[in-house]
Structure formats: C-alpha cells, structure tokens
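> My questions all concern the structure below.
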Amino acid sequence: MARYISFLRPDGTASFGRIEGDAVADLGTAGTSAYLKDALDGDLAALPATTTYAYADVKLLPVIPNPSKILCVGLNYATHVAETGRDQLAYPAIFTRWADSLVAHGEPMVRPPETTRFDYEGELAVIIGKGGRRISRETALEHVAGYAVFHDGSVRDWQRHNIQFTPGKTFPATAGFGPALVTPDELPDLAEQRVQTRLNGQLVQDQPVSDLIFDIATVIAYCSTFAPLSPGDVIATGTPGGVGDKRNPPLYMKGGDVCEISIGKVGTLVNPIIDEVI
C-alpha cells in the first residue's frame, strides 16, 4: 500500500517520503527542507529517493504540515445531525482551521485552560493533489491525492459562543492529522471503511464512510466553487454521531487521556491528550 508521510530528518530539516516496511524513502531534495504538498501535482511514485531512514529515526509531522487551506465539513452524518437536534440542510456546513492547530500522529493534542469541554471527532480527511476552481462533481475525485485520518478536536463552549464554529475549532494543537497519506488506488473500497474513535479504549464512534450525507465529490465541487483549491489543501469530511458533548453524561477529553481513530485501510491515528500549562 502506497503511504506517504511528512517528517523531520534526524538533522531537523523537513521532508517527505514513502513508507517502505520499517524504512522511509526520503523523496525530498537532499540537504534542504522539502514539503509533500509541493510534489502532489506530479507523480509521487516516480520520485527517486535521496536517502533512506529507519522509520523509528524520523519525527512525524502532520501529513500536510503547511496546507494553504483546511476546510471542515460539519453535520455530515445523519446520526450527528440528529444528536445535535439540528435540521438537515441542502448544502454542506463549512468552517475553517489554521495550520498551527495540527499535530502529528503520536504527538499530544492540547486542551486549552479556557475549557473543560474538549471533545473528540474522528473524521476522514481528503488531500487535494490537483488544484482547480469550480470543479465538477463528475471530475472531483481526479483532484484527490489521497486520504488520511483526521481528529477534529473541538472546544465546545467556544464553538457555541455565537453562531459561527471557528473559535472552538482552531485552538493551537487541537487537531490530529496522520499518520500517512494513502493514495486513492489503494482504497477502491473507501466507502466501506469505518470511522471508529476510541477514547481510553472505549469505542465511542463507529460508522462507515458510505454514510456521509454529502459525499467526497459533492464536497469538493461545493468548496471549489467559493475557494480555488490548491495541492495540499485539506478537507475534513465530517464526524459520525457519538460525540462526547451529546452523551449523557457528557464525555470530554482531558490530560492523561488517549484518543485513537481508525479508518480501516486508511490507518490509525493516536494522540495523547495533555492540559496546556500557562
């Protein structure tokens, strides 16, 4: 299975590469920082390795550490719409994140001191490979470089200060993204993969990708109408029902917890939770 990661080399420079068993083939330019998003509009499989590292010797970065855009779809599973008590609308609900809200697989997600309502949301992320504007639904999947696991950690009280979601969705280091980009040809059965979230080993979300209300092609077409999409842009496609905020009693993340999100063949993203110290 073709899996690509972003990482820091042992000398601290940034690069990207292909996982090959227990090794990583470095596909970046030797001696300088290099980023995966800059190679997505070409043929990743054809890139030559400049060197090889043991997987254990590199430090993972978010799959795309420097996306130009992170667009997130809210309310995209009927179970989540139902638990929020909202009506299903005719168009996707879109909000944004900033790049500094992302952390890699294995890195801690940080609960800010301004909240005790830090909630989990397991999601499938789409990574754009070929940019475009007003992309048709029929051609939308041709613009996908790959897929990854996304944890849209949510500061619920700040999310609901007003009618816009953004303040609760982009605190620094509140979103996990990883471990790797998996290319579409390796996922012919993507719709059958299940989004499963476990908090401290307890299964709290479990739903197939096929249950998306607005499918991936529809979301790409919609988003590309109001914003030109570029290689490396990230679209988080929405979370299933079962979020902690709507449980009785509520179930929130706190320092010392571990959250694990698996999406079948796409992979498993694990992040410990820590409390920010100020």
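The values are calculated or read from the model by the stated rules, or taken from the named source; none is laboratory data. This structure is a prediction, so every number in the text was calculated from the model and none was measured. Here Cβ is always computed from backbone atoms with ideal geometry, including for glycine, and neighbour counts include all displayed protein chains.
> Residues that are loosely packed, with under 15 Cβ neighbours inside 10 Å and out of contact with any helix residue (DSSP H, G or I) (no Cβ under 6 Å at 6 or more places or on another chain), at least 3 per element: which strands (runs of 3 or more DSSP E) completely within segment 1-69 meet that?
51-54
> Would you please name the residue that is farthest from Gly42 (Cα to Cα), looking only at residues in segment 187-243 that are under 16 Å from the mean Cα position of the chain (by Cα) and part of a helix (DSSP H, G or I)?
Taking the candidates together, the pick is Val209.
> Then there's this: For segment 53-75, how many residues meet the condition of being closer than 29 Å to Phe226 by Cα, modelled with pLDDT of 95 or more and over 15 Å from the mean Cα position of the chain (by Cα)?
So the answer is 0.
> Here's something else I'd like to know. So which residues in segment 176-186 are touching a residue at least 60 places away in the same chain (Cβ under 8 Å), in contact with a helix residue (DSSP H, G or I) (Cβ under 9 Å, 6 or more places away or on another chain) and not in a strand (DSSP E or B), if there are any at all?
Of everything in segment 176-186, those that are touching a residue at least 60 places away in the same chain (Cβ under 8 Å), in contact with a helix residue (DSSP H, G or I) (Cβ under 9 Å, 6 or more places away or on another chain) and not in a strand (DSSP E or B) turn out to be Thr183, Glu186.
> Still on this structure, please answer the following. Could you grab me the full set of residues in segment 150-168 that are closer than 17 Å to Val219 by Cβ and under 17 Å from the mean Cα position of the chain (by Cα)?
Listed by number, the residues that qualify are Phe150, Asp152.
> Still on this structure: Does segment 104-160 hold any residues that are part of a helix (DSSP H, G or I) and in contact with a strand residue (DSSP E or B) (Cβ under 7 Å, 6 or more places away or on another chain), and which are they?
Matches in segment 104-160: His143, Arg156.
> For segment 131-151, give me the residue count where each residue is surrounded by fewer than 20 Cβ atoms within 10 Å (Cβ to Cβ) and among the small types (Gly, Ala, Ser).
3
> Among (1) over 17 Å from the mean Cα position of the chain (by Cα); (2) under 29 Å from Tyr4 (Cβ atoms), there is one condition Lys254 misses while meeting the rest; what is its number?
The number of the failed condition is (2).
> If we scan segment 89-100, do we find a residue that is of a type in the set (Asp, Glu) and buried (at least 16 other Cβ atoms within 10 Å of the Cβ)?
No: segment 89-100 contains no residue that is of a type in the set (Asp, Glu) and buried (at least 16 other Cβ atoms within 10 Å of the Cβ).
> On the basis of being in a strand (DSSP E or B), in contact (Cβ under 8 Å) with a residue 40 or more places away in the chain and farther than 22 Å from Pro92 by Cβ, does Ala173 make the cut?
no
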